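For reference, the structure discussed in these notes is given below.
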Amino acid sequence: MSTGPAERSWCVVVPHDATGARLARHRLADELTGVVPPVLVADLVAVLAELVGNAVRHADALPGGVVRVAWRLRVTERGPSVELRVTDGGSGAGPCMRTASPDAADGRGLHIVAGLASGWGVERDGLGQSVWARFDPVPVQRTDLVAAG
């Protein structure tokens with residue numbers, strides 16, 4: 001891992017269509033690979049794909065037919081902390097977890113988000129809604145300790 005500035009932010013707009021999630025995932029992975037641990041990159045990519053996919057499937061686009069995707073990296077003594085934020089034009093009903101049957105093709109996205117992120121939520125303003133997911137630093141595990149026995 002490289003060390004860089006203590007805080008850095010990115011913001012991109014992607015199309016409000018099926019290509020939006022792919023573009024957002026690739027940009028996030030390109031920017032954070034080598035900066036944060038690989039397992040965190042994988043979790044961030046999975047959650048971002050769900051959030052952008054949900055925005056495309058369930059919400060209106062922002063003006064210009066886009067979704068805004070942003071992330072902020074904070075490097076602390078305890079490790080990296082990342083917040084993802086996906087802003088769309090909103091929908092009649094906000095995001096909510098559903099109960100999916102074992103053979104259902106969808107309905108698990110926010111469960112994935114909740115399982116991987118430290119926290120998530122929704123904020124609404126005059127433009128639309130933002131769904132965010134926060135990834136708190138994970139304590140570094142010491143691998144150099146020898147078990148007494």
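The values are calculated or read from the model by the stated rules, or taken from the named source; none is laboratory data. Small disclaimer: the values here were computed from a predicted structure and weren't measured. Note that each Cβ is placed from the backbone with ideal geometry, even for glycine, and that neighbours are counted across all protein chains shown. Heavy atoms of the whole protein, side chains included, go into the accessibility calculation; ligands, DNA and RNA do not. Shrake-Rupley method; radii C 1.70, N 1.55, O 1.52, S 1.80 Å.
When both residues are 6+ apart or on different chains and their Cβ atoms are under 8 Å apart, which pairs have a first residue that lies in the range 113-124 and is closer than 16 Å to V52 by Cα, and a second that is assigned to a loop (DSSP other than H, G, I, E, B) and open to solvent by 60 Å² or more (accessible area, probe 1.4 Å)?
Taking only residues 6 or more apart or on different chains, the pairs are A114/M97.
In the range 13-128, which strands (runs of 3 or more DSSP E) lie fully inside it and hold 3 or more residues that are modelled with pLDDT of 90 or more and open to solvent by 30 Å² or more (accessible area, probe 1.4 Å)?
Passing ranges, in order: 66-76, 119-124.
Any residue in the range 73-94 that's of a type in the set (S, T, N, Q): show its pairings with residues that are open to solvent by 40 Å² or more (accessible area, probe 1.4 Å) at Cβ separation under 6 Å, as long as the two are six or more apart or on different chains.
Every condition considered, the pairs that remain are S81/R74; S81/D136; T87/R68; S91/H58.
Looking at the range 8-46, which of its residues are closer than 17 Å to V138 by Cα and either in contact with a Phe, Trp or Tyr (Cβ under 6 Å, 6 or more places away or on another chain) or touching a residue at least 24 places away in the same chain (Cβ under 8 Å) (or both)?
Scanning the range 8-46 gives L32, G34, V35, V36, P37, L40, D43, L44.
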